[in-house]
Amino acid sequence: MKKIVEWAEIGPMFSDGVSIMFGGFMGVGTPLGIVSALIESKVRNLTLIGNDTAAPTTGIGPLIDSGQASKVIVSHIGTNPVTGKKMIAGELDVELVPQGTLIERIRAGGSGLGGFLTPTGVGTVAEEGKQKLTVQGREYLLEIPLRADVAIIKAKKADTAGNLVYERAARNFNPVIALAADLVIAEVDEIVDVGEIDPDHVMTPGALIDKIVVRMGG
């Protein structure tokens, strides 16, 4: 299977109605080239899953602004006024999940677990519609796993086998998200030959990566 692809091949990998996990924290670690390719593809009715919706012109924000997303599952939206306006207008379904719970749901999805118990959200609106269990006298919410059709991640470097290295804080949620989707696409700054990345420095193994595209201008 060919892993390294051209930008013209990215858009056709998506279709209307798909769910997309994205890496990044306030846009840092989000694959901006793939976001642009999604906008150009004009796919619609997308479900976006990640930490936040960044800002209107950064991170995943342009996909919110373009109206191509119908739902987001994120930990906060406060830095993107467009997300809030679309939610209030009924144009965007927003599911807010505590940050730790969100990333653990993704990890559970990537690990094949049936869910996990957490006390976070007990006694708040976060428990609505969820099963509550008592263990050793303490109440917990049962949180179910999250997976997506596609994960889009950003890395500093890849080798031709798909082994990835991230740059400092841009690593954030990318390694966990790479576990939890049927198709994983990595946008990287550079590609090197196998053996040029020290195995101890590999942060996401190539077995998890389906497609690699080099950042425009990289």
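Between helix 99-111 and the chain there is an angle of about 60 degrees, using the helix long axis and the longest principal axis of the Cα atoms.
Just check segment 1-48 against the gyration tensor rule for me: Cα atoms, a ≥ b ≥ c as the square roots of the eigenvalues, rounded for a/c under 1.5, and otherwise prolate or oblate depending on whether a/b exceeds b/c. Cα axes put segment 1-48 in the oblate bin.
With axes computed from alpha carbons, what is the tilt in degrees of helix 32-41 against the longest principal axis of the chain, rounded to the nearest 10 within 0 to 90? So the inclination is approximately 90 degrees. Residue pairs exceeding 30 angstrom between C-alpha atoms, taken from 2/71; 86/211; 3/85; 132/154; 71/132; 85/154: 2/71; 86/211; 3/85; 132/154. When shorter helices are ignored and each DSSP H run of at least 4 residues is given -39500 (n - 2.57), the per-residue value for the chain at 222 nm works out to -5000 deg cm²/dmol.
Of the peptides 59-66, 141-148, 124-131, the ranking by mean beta-carbon count within 10 Å, highest at the top, reads 59-66, 141-148, 124-131.
By the compact-protein rule of thumb, 2.2 N^0.38 Å, the alpha-carbon radius of gyration of segment 139-203 corresponds to a ratio of 1.31. Cα centroid separation, segment 142-200 to segment 97-122: 20 Å.
In a simple Cβ point-charge model (Lys, Arg +1; Asp, Glu -1; nothing else charged), the chain has a dipole of about 380 debye relative to its Cα centre. Charge dipole of segment 85-214 (Cα centre as origin; +1 on each Lys and Arg Cβ, -1 on each Asp and Glu Cβ, all else neutral): 480 debye, rounded to the nearest 20. Over segment 54-150, Cα pairs under 8 Å with separation of 6+ residues give a relative contact order of 22 percent.
Here the Gaussian network model covers the chain, with springs between Cα atoms less than 10 Å apart; of 175, 12, 81, 12 fluctuates the most.
Considering only alpha-carbon pairs that sit under 8 angstrom and 6 or more positions apart, the relative contact order computed for segment 157-199 is 64 percent.
The computed P(r) over Cα pairs in 10 Å bins from 0, in percent for the structure shown corresponds, within (1) 7, 26, 29, 22, 13, 4, 0; (2) 7, 28, 40, 19, 6, 0; (3) 8, 34, 34, 17, 6, 1, to (3). Size of segment 90-133: Rg and Dmax of its alpha carbons, in Å, are 11.8, 34. Taking the Cα atoms of segment 83-202, the ratio Rg/Rh between the radius of gyration and the Kirkwood radius comes to 1.09. For the chain, the residue among 183, 141, 197 whose Cα projects farthest onto the positive side of the dipole built from Cβ charges is 141.
None of the figures in this text is laboratory data; all of them are computed from the coordinates on show. Small disclaimer: the values here were computed from a predicted structure and weren't measured. Cβ sites come from the backbone with ideal geometry, for glycine too, and all protein chains shown count toward neighbours.
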